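The values are calculated or read from the model by the stated rules, or taken from the named source; none is laboratory data. Model, not experiment: these values are computed from the prediction. Cβ atoms come from the backbone with ideal geometry, glycine included; neighbour counts cover every protein chain shown.
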Amino acid sequence: MPRKRTTSTQANRARSKSTLPKGLKNADLVDYYSRMVQARSLDERIWALNRQGKVPIAASSQGHEATQLGSLLAAEKDGDCFLFPYYRDLALKVAAGLTPVQTMMSFMGKAGDPYSNARQFPLQGADLSNKIIQISNVVAAGLTQSVGYALGARMAGEKTVVFSYFGDGATSQGELHEAMNFASIHKLPVIFICENNRYAISTPQRSQMMVEEIASRAASYGFPVHR
């Protein structure tokens, strides 16, 4: 059978029928993918340096990049948003404006580290220029702080949305219940983002909870869920 040939006009028409969400362009996807690749490359380098004994601590964010970048893009569109990342959120910090040089300065303990000027663990502290308020190496520590920040912003009359990030291990901590219950009762502008890699440091999910889906817990606080 003769092969059907596709003209350049037909090809252009096919490409024009985009399945992208409204407002997104192909160039945007290239930009987003580039940011994720940059974060992954930095993460891999930091992990290697840690294994060589040149970096004191490293909590990999590999596999978390899309969640972190996607939520940040939503935050940027929403306007006045503030971020409370957790220790596996390297991609989020890079996407928010942290440069590769600043990243390595922090991990190598160099003066000029934008988070704590090398006074804390790498990338622990705050980066107010990029609206990152607090990062702690303690599991679930940022949850109650993020809710408190949201309450303070409301009392000050500020139209602010707070993005609070945590891992599956944090869902076994009391701070999670306290934060979500308080946010629910007072209807605070907080979006809780759980990054579930199914391990709390080294404890598998099946050993720390009986539910299969962590998101199912949100119903008890009256929260809508998106997965």
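For Met155, the conditions (1) in contact (Cβ under 8 Å) with a residue 24 or more places away in the chain; (2) surrounded by fewer than 20 Cβ atoms within 10 Å (Cβ to Cβ) are fulfilled apart from (1).
Under the condition of being modelled with pLDDT of 95 or more and part of a helix (DSSP H, G or I), the residues counted in segment 78-89 number 0. Only one of the numbered conditions (1) surrounded by fewer than 19 Cβ atoms within 10 Å (Cβ to Cβ); (2) without any contact (Cβ under 8 Å) to a residue 60 or more places away in the chain; (3) of a type in the set (A, V, I, L, M, F, W, C) is violated by Leu188, and that is (1).
Residues that are in contact with a helix residue (DSSP H, G or I) (Cβ under 7 Å, 6 or more places away or on another chain) and not aliphatic (A, V, I, L, M) were ranked within segment 147-163; the one that is farthest from Ala74 (Cα to Cα) is Thr160.
For Ala170, the conditions (1) out of contact with any Gly (no Cβ under 6 Å at 6 or more places or on another chain); (2) in a strand (DSSP E or B) all hold with the exception of (2). Applying the set (1) of a type in the set (A, V, I, L, M); (2) part of a helix (DSSP H, G or I); (3) over 21 Å from Val139 (Cα atoms); (4) in contact (Cβ under 8 Å) with a residue 24 or more places away in the chain to Leu98 leaves exactly one unmet item: (2).
Count of segment 176-227 residues, restricted to those that are among the aromatic types (Phe, Trp, Tyr) and modelled with pLDDT under 85, is 1.
From the list Phe107, Phe166, the lone residue that is surrounded by 15 or more Cβ atoms within 10 Å (Cβ to Cβ) and farther than 24 Å from Leu73 by Cα is Phe107.
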